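Worksheet: one structure, shown below.
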Amino acid sequence: MQYQVEAFRVAADDHRPLELIIGEKLKLRRFSYRILNHSIDARKKEAVCHQYRLKIETEETLKGKNISVYQPVSDELSYPTWKEISPVVVGFGPSGMFASLYLARCGAKPIILERGSMIEDRKKQVEEFIRLKKLLPNSNVQFGEGGAGTFSDGKLTTNLKDPLIRFILKEFVRFGAKEDILYESMPHIGTDYLVSVVANMRKEIIRLGGTFYFETTFQEAVLKDSMLEVMTADGKIFHTRHLLLGIGHSARDTYRNLYRKMHLQMEQKSFSMGVRIEHLARKINESQYGRFAKDLPVAYYKLATHTIDRGIYTFCMCPGGYVLASASEENRIVTNGMSYQARDGQNSNSAVLVEVRPQDYDCGDVLDGVCFQEEYEKKAYAIANDGRAPANLVKEFLEDRLATRFRSVSPTYPHGVCFADLARCLPSFVVDSLKTGILEFDKKLHGFADPDAVLIGIESRTSSPVRILRDENRMASMEGVYPIGEGAGYAGGIVSSALDGLKTAIKIAK
């Protein structure tokens, strides 16, 4: 008989094998088990514990208020045979990856255009940028095979509830991610593992008949007699009836072409801006877990609050991680966070973000949000004018002063930082809201407003500032064009982007 056991709790300092604890607590002699979900419950600091949902298979009878008969849920997909000309997929980030994989399994032989390099080369290029500040405009932290999420820890958290998410996670495991992403409540792959996952997915699509064109930038498409003529910056031309645009949230030149040349209908949307905050990882661990800090993995947090008129929240929290230089254009400062699978860095970091609404930047053009981001990224660079990022310590920031030296926290931003007034590179409403947010978050997570914590600016690429409008069939205002993922304004993160691309591919294939 197969049973499902809910809320199975194990003390954080109980290091015995889980199998032994299950047998003892459920009074079972012979059984097998599988973890369906795992989280850490730290609401009571004196009794921090692991909490599991388990599948138990045994011939013995199990009864209890948290025990039910296990009901398997199918996450298999059907793959209708593709009978059209090959689709063209622009961008091989999460939305493009899963759209291409699904279409390839339908026999569509997708053509994938990726402006950046394949992941093996891209990894070397990013490492060279970090080491030497040598930026390649089309292959960097934002652009290239795998998308922007490849260099941001590979977090797979999402607020969405959809049965297809299980399918997506299983595909990541199939291509090389660790199996724990199937049950951890805060799953992540890690940048170091994502590199091979992305490469393995590409190889499978090629095996199924897909074709990749790397270092090939989509320029525009023209509709002629229900057929799209797809043109690239280097003169390549492809013909298709289905063009999927997984362009990413930093493809500003593409946004301009889509709006001004192809006349796709778009709208402004909210996004966020702010800073990265770095704390000592051990202090976050102690604040989250108290005396159990040494018994548990490096701690995660997610915080949010509101002022009268806008939201403030943490985003892309990287336990044991690093703050990354993430610009995709020269003379810009853009920060992001990343961590490896082990999450064993000295610091933990997170974005602290403030909501930016269209009324904050609207000057009459759909692309004003893009210009707004560009303006402040340039201001951040101009402070040092050499690639160093503007920074301050929390104590001095809250007191409207400048720090003169670092104390217990050493920043990890690879190009160095310089102490600066963050009001020089962020809107005043963002600076004021950050001060409110930091103090409010400290009430929820003691030590968040640690005087020694480092604030590094600016974080500006959290999501797209525009949304490409699409109908109930997921088609844009031009026939045969399907905007997908984060760059199209319909997702925010690896899983939601993958889900959006997958759902669009399923819709098209039907």
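The values are calculated or read from the model by the stated rules, or taken from the named source; none is laboratory data. Everything quoted here is computed from the prediction, not taken from an experiment. Here the Cβ is made from the backbone with ideal geometry for all residues, glycine too, and neighbour counts use every protein chain on show.
Here are some notes:
- Only a single item in (1) at pLDDT below 95; (2) on the phi > 0 side of the Ramachandran plot; (3) not aliphatic (A, V, I, L, M) is not met by GLY91, and it is number (1).
- Flag if THR211 is in the same structural domain as LYS236 (by TED's automatic domain parsing), buried (at least 19 other Cβ atoms within 10 Å of the Cβ) and either farther than 22 Å from ASP121 by Cβ or of a type in the set (Ser, Thr, Tyr) (or both): no
- Looking only at residues in region 358-387 that are free of Cβ contacts under 8 Å to residues at least 60 places away in the same chain and more than 30 Å from PHE419 (Cα to Cα), the one that is surrounded by the fewest Cβ atoms within 10 Å (Cβ to Cβ) is GLY364.
- Applying the set (1) in contact (Cβ under 8 Å) with a residue 24 or more places away in the chain; (2) surrounded by fewer than 24 Cβ atoms within 10 Å (Cβ to Cβ); (3) assigned to a loop (DSSP other than H, G, I, E, B) to ASN159 leaves exactly one unmet item: (1).
- For ILE205, the criteria (1) surrounded by fewer than 15 Cβ atoms within 10 Å (Cβ to Cβ); (2) over 17 Å from the mean Cα position of the chain (by Cα); (3) hydrophobic (A, V, I, L, M, F, W, C) hold in every case but one, which is (1).
- Residues that are closer than 27 Å to LEU169 by Cα and out of contact with any Phe, Trp or Tyr (no Cβ under 9 Å at 6 or more places or on another chain), drawn from region 7-30: PRO17
- Matching entry among ASN392, ASN349, ASN331 (being assigned to a loop (DSSP other than H, G, I, E, B) and under 22 Å from PRO414 (Cα atoms)): ASN331
- The single condition among (1) at pLDDT below 95; (2) part of a loop (DSSP other than H, G, I, E, B) that CYS316 does not meet is (2).
- Of residues in region 181-196 being touching a residue at least 40 places away in the same chain (Cβ under 8 Å) and part of a helix (DSSP H, G or I), the one surrounded by the fewest Cβ atoms within 10 Å (Cβ to Cβ): ASP192
- The conditions of being touching a residue at least 60 places away in the same chain (Cβ under 8 Å), of a type in the set (A, V, I, L, M, F, W, C), surrounded by fewer than 17 Cβ atoms within 10 Å (Cβ to Cβ) and outside the structural domain of ALA342 (by TED's automatic domain parsing) are met by LEU223.
- Selection from region 284-300 of residues that are more than 13 Å from GLY447 (Cα to Cα) and more than 25 Å from the chain's Cα centre (by Cα): ARG291, PHE292, ALA293, LYS294, ASP295
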